[in-house]
Amino acid sequence: MITERKPKNIFTQGPITASFIADSIQKHDTKTNIGGHSIFLGQVRADEIEGKKVTAIEYTAYEEMALEKMHVIREAIFAKYPLVCMHVHHSLGRIRAGEICLFVFTSSAHRKAAIDACTETVERLKAELPIWGKEIFVDESHQWKENK
Amino acid sequence: MPVQVIVFGQLTDILGNRPITIDGVADTGELVAQLNQRYPALANAPYIIAVDKQIVNGNTTLAGNNTVALLPPFAGG
């Protein structure tokens, strides 16, 4: 079966800015069949580990594999929920504590599909996409982030 | 036929960031044995293996010219 959706790039170098998110919302004003949006934003947390504070996370990915896998997830979510659209953006490179590193945006005629699809997409991408985060401490030492 | 090994995340602390070319291995089992000998710290590291971007389970034949990726636990988001 030929699907209409092609693999999209989800990666952005650097943090996802509030203005990018605002523009993305604005762009939906022509899609008047939408009645509800759901947005998840992941923010880099300044965890304290053994007295040392995380100042940034440096994200890397096996990009080609991640994009293929994200396409599979996207197709599965569209098959399961009556969505109008879905947008996923994940940062690469060094993202400082307090900055946004993940933006998942789902839209549907009614809220429930948008909310459920957003949650499921976030859970699946955290579990299935080959992405890694190096937590950088104030003294430039590091440890590797683990998803809980 | 040589295979190219790429690693990510915490495994770059052990194997570095550059792809490694390994020759004369017939399957992933032989490849891992050879890598463990060269990089002893790898033996205790958690990871899964993808051959040409497909995750594989158990010992997998390498036909040659494959890209073998060692993937430590994912930490996106």
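Odds and ends about this structure:
- Wholly within region A:4-70, strands (runs of 3 or more DSSP E) carrying at least 2 residues that are charged (D, E, K, R) and at pLDDT 95 or above: A:52-61
- Selection count, region A:93-133, where residues are among the basic types (Lys, Arg), in a strand (DSSP E or B) and farther than 21 Å from residue B:73 by Cα: 1
- Residue list for region B:1-48, restricted to those being touching a Pro at 6+ places or on another chain (Cβ under 7 Å), within 14 Å of another protein chain (Cβ to nearest Cβ) and over 19 Å from residue B:75 (Cβ atoms): B:4, B:5
- Residue ID - surrounded by the fewest Cβ atoms within 10 Å (Cβ to Cβ), chosen from residues in region A:122-140 that are without any contact (Cβ under 8 Å) to a residue 24 or more places away in the chain and closer than 30 Å to residue A:34 by Cβ: A:123
- Positions within region A:124-148 being within 14 Å of the chain's Cα centre (by Cα) and more than 9 Å from chain B (Cβ to nearest Cβ), in sequence order: A:124
- If the condition is being in contact with a strand residue (DSSP E or B) (Cβ under 8 Å, 6 or more places away or on another chain), part of a loop (DSSP other than H, G, I, E, B) and of a type in the set (Ser, Thr, Tyr), then region B:25-48 contributes only B:47.
- In region A:100-116, residue surrounded by the most Cβ atoms within 10 Å (Cβ to Cβ) [restricted to those that are within 14 Å of chain B (Cβ to nearest Cβ) and out of contact with any Cys (no Cβ under 9 Å at 6 or more places or on another chain)]: A:101
- Failed condition for residue A:87, given (1) more than 14 Å from every other protein chain (Cβ to nearest Cβ); (2) not in a strand (DSSP E or B): (2)
- Any hit, region B:31-41, residues being touching an Asp or Glu at 6+ places or on another chain (Cβ under 6 Å) and surrounded by 12 or more Cβ atoms within 10 Å (Cβ to Cβ): no
- The residues in region A:8-43 that are among the hydrophobic types (A, V, I, L, M, F, W, C), surrounded by fewer than 13 Cβ atoms within 10 Å (Cβ to Cβ) and over 20 Å from residue A:114 (Cα atoms) can be counted, and the count is 1.
- Residues in region A:44-66 that are touching a strand residue (DSSP E or B) at 6+ places or on another chain (Cβ under 9 Å), within 13 Å of chain B (Cβ to nearest Cβ) and loosely packed, with under 14 Cβ neighbours inside 10 Å: A:45 alone.
- If only residues of region B:49-77 that are touching a strand residue (DSSP E or B) at 6+ places or on another chain (Cβ under 8 Å) and more than 14 Å from chain A (Cβ to nearest Cβ) are counted, the one that is nearest to residue A:14 (Cα to Cα) is B:65.
- Listed by first and then second residue, the pairs linking a residue in region A:106-121 that is closer than 20 Å to residue A:10 by Cα to a residue that is modelled with pLDDT of 95 or more and part of a helix (DSSP H, G or I), with Cβ atoms under 6 Å apart and 6 or more places separating them unless they lie on different chains, are A:106/A:114; A:106/A:117; A:106/A:118; A:107/A:114; A:117/A:77; A:121/A:77.
- Of all residues in region A:67-84, those satisfying the criterion of being within 14 Å of chain B (Cβ to nearest Cβ) and touching a Lys or Arg at 6+ places or on another chain (Cβ under 7 Å) are A:68, A:73.
Okay, residues lined up against (1) over 30 Å from residue A:95 (Cβ atoms); (2) within 11 Å of the chain's Cα centre (by Cα); (3) touching a residue at least 40 places away in the same chain (Cβ under 8 Å):
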residue: B:16; (1), (2), (3): no, no, no
residue: B:32; (1), (2), (3): yes, yes, no
residue: B:43; (1), (2), (3): yes, no, no
residue: B:68; (1), (2), (3): no, yes, yes
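The values are calculated or read from the model by the stated rules, or taken from the named source; none is laboratory data. Quick caveat, the model's predicted, so the values are computed rather than measured. In this analysis, Cβ positions are derived from the backbone assuming ideal geometry, glycine residues included, and neighbour counts consider all displayed protein chains.
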